[in-house]
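Enquirer: Let me begin by handing over the structure; questions about it come next.
Rule-based calculations on the coordinates, nothing more; no lab input. From a predicted model like this one, the values you see are computed outputs, not experimental measurements. Positions of Cβ are backbone-derived with ideal geometry, glycine not excepted, and every protein chain shown enters the neighbour counts.
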């Protein structure tokens, strides 16, 4: 809805490979809760940036959904995308250092995106965890 030309039921349905009934249902829900508005041209997002707090009861499902999408996308082998997976050993202090580095990088990325033009839909997912 934020990308020009990506604001009607038909275009959203086509771009995301979803049936129009599902798209209509979700758009009605977004209208109802105030996250979308309907205009003469189509639908618009009410907020450019939406963030779900890490304490939300649905945050785990949100992360899982995007990780599953990443599994689908990595199989497409698109050269513009960036995927990295690595299992490694490291010290506890280096783990803390990496976590801090990624946290700062994410803060910087959010600031860049806040001023960015709406041209493409992108997913950014980062995981760093102990096994």
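Enquirer: Could you check segment 73-96 and list, in sequence order, the residues that are in a helix (DSSP H, G or I) and over 24 Å from residue 60 (Cα atoms)?
Expert: 92, 93, 94, listed by residue number.
Enquirer: Would you be able to tell me the number of residues in segment 1-48 that are surrounded by fewer than 13 Cβ atoms within 10 Å (Cβ to Cβ), touching a helix residue (DSSP H, G or I) at 6+ places or on another chain (Cβ under 8 Å) and touching a residue at least 12 places away in the same chain (Cβ under 8 Å)?
Expert: Going through segment 1-48 one residue at a time, the tally reaches 1.
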